[in-house]
Amino acid sequence: MSDANPSVNDAILQVEHLSMKFGGLVAIGDLSFQARRGEITALIGPNGAGKTTVFNCITGFYKPSEGMLTLNRRDGSSYLLERLPNHEIPARAKVARTFQNIRLFSGMTLLENLLVAQHNKLMKASGYTVLGLFGFSGYRTASAESIDLARHWLEKADLVDRADDPAGDLPYGAQRRLEIARAMCTGPELLCLDEPAAGLNPKESMALNALLMDIKDNTGTSILLIEHDMAVVMQISDHVVVLEYGRKISDGSPHAVRTDPRVIAAYLGVEDEDVETVLIEVGDEDVIEQLDTGPDSTHGPDSSSSYFAGPVIDTVGHSEGERVTVSKGASKAGQVDARSGAAARPASPAEAKPTEKPSATKPAAKAPAKPKTPGDSNRGGGNE
Amino acid sequence: MAVTTSPERDIVATPMQRATREALYAGAIALGLFVLFIGLRTDQNISNELILVQRWWLLAVVVVLTMAGRFLYVAYGQPFLANQKIVDVATGLLPQSMAARFFRLPYFIAAVVTVAVLVFLAGSLDGLLGPGLAGYARFLRALATIYALASVMFYFRTFIHAHFSALGITALALYPIIVVLVLAVYGGSVAAGFQGSLKWVDNYGIQILIYVMLAWGLNIVVGLAGLLDLGYVAFYAVGAYAYALLGTQYGLSFWILLPAAGAMAAFWGVLLGFPVLRLRGDYLAIVTLAFGEIIRLVLINWREVTNGSAGISGIPKVTFFGLMSFNVSDPNYIAKVLDIATSSAYYKIFLYYLILGLCLLTAFVTIRLRRMPVGRAWEALREDEIACRSLGINTTTTKLTAFATGAMFGGFAGSFFAARQGFVSPESFIFLESAIILAIVVLGGMGSLVGIAVAAMVMIGGTEVLRELDFLKQVFGPDFTPELYRMLLFGMAMVIVMLWKPRGFVGSREPTAFLKERRAVSGSFTKEGHG
């Protein structure tokens, strides 16, 4: 996907047509974006949007169903991440990551945690254990260097006073910082952070921002982060990608994304009284019919379902098969698309308050919905 | 037993009332538990019929003892323990600890005097007191000796604690010499000293050290890498049969076959490692258990090679690095070379130092490896495998090296075992052995070399000591055989230790690197691993 088409080396990570399916569930559908070198790229989206799945694909914990993940290293070499074994992604492609639920080696000290992160370097220095076992000096110098590097990152993370305490003994915020320090000890070119600010208080959040900015400015490591804390995202990221239901709905600078109505709708939903309007504007005749007649008693919505959860058709029992896909209509962003499209058609620009940005219309618009109803195709026309 | 009092009654219940009530509950539970165990017993009568013998008196005694125990504990024990934690108002100090009260100088002097008197009278005890009382006197002497030794250890406890490893190694290195000297003085001649040392060096020393080595080897797999291996005895068997077969068939020396046996066991470790790489926890344990059984069954059924259940005998003895032999018929027999009296104890003492050396090698390699990237990766694997992969650690090779290293030490121990016994059969490599080795590792504290060595000493030495309790015949009558209660006592001891120290004797772990000071990591942070 070449929407912005920057020079290849400018992008450290290119995600192209990434899809991840678990059985019938499409966790990520045809996602393309890129993270530029030396920038902080944020991946945001509501819960369940597939952000962590994208991370797991990038770091090799999942093998994507389709798509290509290209990582361009500084020295010019490129790696196709979907083809590398799990442990070689950090080792060769230099991608490090942290986890949403912190995964430290809790019974080892902080220093040991950071030494484990330098495993591959030390293994080579110790002659794959053999030379080190007999006390060759090469390993000893490498070992001292690794301790220096660990001390450097402990100082950056403000944890050097607790270097000899077990990692499990640290407070939550410090564990987050330690996990980042540990990831940095692998010497990564791309650092993937999965909700680094989750559970932090504002002060810790500030410290985290400072740490991330420091990493970006002083090490040249590019950062890809998932975050729910919009203060963090807006403050530090250079580029934001928004996912909803596994599809990209917006992509651009933090400011552009913040004002994108599709993003607002994805996070906040459309207002209650607008739901019916939207559905009608979408032109979903089934919906209009059902709104008129009330739910069909046999095929109607479950008693627990609500119109506000999305179009009624979502909640109607499907009998085609086991394939469980979230209907494109469930996407709040899709509803906004539809509404803006419908608004543009009768040529009443005053109503169409969403300004149609290129970023929202190009690949992203394609992602949430394929044309099915006349309204959808109209929307496409309106966007052009 | 759970506290059975309700809150409003707790206010009025004095310790006495509470103790009475809890004693009654305890009695009721004991009655229910033991009525079929102790109250009734099946036996054969003179015409080979099965009859029920009723032992209500014995049952009553047991129940009353249980009630009395519970009563004393609740009425006096609990208040006493609670008072131990209350500071004295006048002095502002906590009461003296139990140990400080128990080990006092006057008691110590009394114990030493008792031992001295009884040792002095050792020969004439039977004449002075009669056989019954003399038995009790010997029992008293044993208790007084233990008390005196314990007092000395208590007095030097900080020193012992600080230098435990060095003291332990010194004690182990001097052990055969001390045994021979003490027995020589006791028996009045050097020959008697050597002859008497056989049991102490072989049954205790070598036996314990073999298990120390096996447990240290398994510790790499279970304690460090967190991979639960229930079939470790298979590698022991591979090592033993490698030496037995190659030694008897090709006449190769022990010193060539020791590394060969280690290499073969390591090879089998890798072979086992491959299929179980994807398994974790219980599944891993079951597959390794099956592997252990497969090896044993192959040894039984592949008669052409292994001679089946009959085993392999006539395994050559170890030579003193080819310079001296321990076969009486050989021209370079040690007694002929050194021109000393013939004794079978030389071989045992040599074997003792050999296994001690192998144990120290195991400990050295383990300590060294822990400070290397591979050792840290093992421990990291135990803590969190997914995090390991996210840091670029190849978990496959890391697991395989853990299996191979652990198996290699098992193989060393196996070939030593074959050389020591001179005979191997599949009987020696049953699942119970794996279970005992694993129990030693768990009891000692996973990952701790010192704890594991102590646990091996307690478990293997303890079972051997229980054979020695002949004085109990004085107490319970000549029909009493203490050996029969060995396993019962053993099981009870294990349960008590695990209640008292759930993480084993040494629950904390030593960090492998430090910036400012080395502080042990509490066991509550370390994980056991999930396979």
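Of the numbered conditions (1) out of contact with any helix residue (DSSP H, G or I) (no Cβ under 7 Å at 6 or more places or on another chain); (2) away from chain A (no Cβ under 14 Å); (3) part of a helix (DSSP H, G or I), B:T463 fails exactly one; give the number of that condition.
It is condition (1) that B:T463 fails.
In segment B:494-531, what count of residues is obtained for those that are away from every other protein chain (no Cβ under 11 Å) and exposed (fewer than 15 other Cβ atoms within 10 Å of the Cβ)?
6
Kindly provide the set of residues from segment B:377-396 that are among the polar types (S, T, N, Q) and within 7 Å of chain A (Cβ to nearest Cβ), ordered by number.
B:S390, B:N394, B:T395
Could you tell me whether B:T395 is at pLDDT 90 or above and of a type in the set (V, I, T)?
The answer is no for B:T395.
Give me a count of the residues in segment B:247-289 that are within 27 Å of the chain's Cα centre (by Cα), free of Cβ contacts under 8 Å to residues at least 60 places away in the same chain and exposed (fewer than 14 other Cβ atoms within 10 Å of the Cβ).
Selection size over segment B:247-289: 1.
Regarding segment B:304-313, can at least one residue be identified that is more than 32 Å from the chain's Cα centre (by Cα) and under 24 Å from B:L358 (Cβ atoms)?
Looking for residues that are more than 32 Å from the chain's Cα centre (by Cα) and under 24 Å from B:L358 (Cβ atoms), one finds none in segment B:304-313, hence no.
What are the pairs, 6+ residues apart or on separate chains, where a residue within segment A:83-104 that is facing chain B (nearest Cβ under 8 Å) has its Cβ under 8 Å from a residue that is in a loop (DSSP other than H, G, I, E, B) and of a type in the set (F, W, Y)?
Taking only residues 6 or more apart or on different chains, the pairs are A:N86/A:F61.
Scan segment A:105-128 for residues that are part of a helix (DSSP H, G or I) and within 7 Å of chain B (Cβ to nearest Cβ) and jot them down.
Residues satisfying the conditions are A:L111, A:E112, A:L115, A:V116, A:H119, A:N120, A:L122, A:M123.
Does segment B:425-444 contain any residue that is assigned to a helix (DSSP H, G or I), surrounded by fewer than 22 Cβ atoms within 10 Å (Cβ to Cβ), assigned by TED's automatic domain parsing to the domain that holds B:W268 and free of Cβ contacts under 8 Å to residues at least 24 places away in the same chain?
yes
Looking at A:I147 and the list (1) facing another protein chain (nearest Cβ under 7 Å); (2) outside any helix (DSSP H, G or I), which single condition is not satisfied?
(2)
Condition check ((1) at pLDDT below 80; (2) closer than 26 Å to B:F164 by Cβ) across all residues:
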{"site": "B:I436", "(1), (2)": "no, yes"}
{"site": "B:A455", "(1), (2)": "no, yes"}
{"site": "B:L466", "(1), (2)": "yes, yes"}
{"site": "B:V475", "(1), (2)": "yes, no"}
{"site": "B:T481", "(1), (2)": "yes, no"}
{"site": "B:R486", "(1), (2)": "yes, no"}
{"site": "B:E510", "(1), (2)": "no, yes"}
{"site": "B:F514", "(1), (2)": "no, yes"}
{"site": "B:H530", "(1), (2)": "yes, no"}
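This table checks each residue for (1) farther than 22 Å from B:S524 by Cβ; (2) at pLDDT below 85.
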{"position": "A:I102", "(1), (2)": "no, no"}
{"position": "A:Q118", "(1), (2)": "yes, no"}
{"position": "A:L131", "(1), (2)": "yes, yes"}
{"position": "A:E145", "(1), (2)": "yes, no"}
{"position": "A:D148", "(1), (2)": "yes, no"}
{"position": "A:W153", "(1), (2)": "yes, no"}
{"position": "A:A167", "(1), (2)": "no, no"}
{"position": "A:R176", "(1), (2)": "no, no"}
{"position": "A:L193", "(1), (2)": "yes, no"}
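Given A:T53, A:T41, which one is more than 14 Å from chain B (Cβ to nearest Cβ), of a type in the set (V, I, T), in a helix (DSSP H, G or I) and touching a residue at least 24 places away in the same chain (Cβ under 8 Å)?
A:T53
The values are calculated or read from the model by the stated rules, or taken from the named source; none is laboratory data. Only a predicted model underlies this, so the values are computations on that prediction, with no experimental measurement involved. Positions of Cβ are generated from backbone atoms using ideal geometry, with glycine treated the same way; all protein chains shown enter the neighbour counts.
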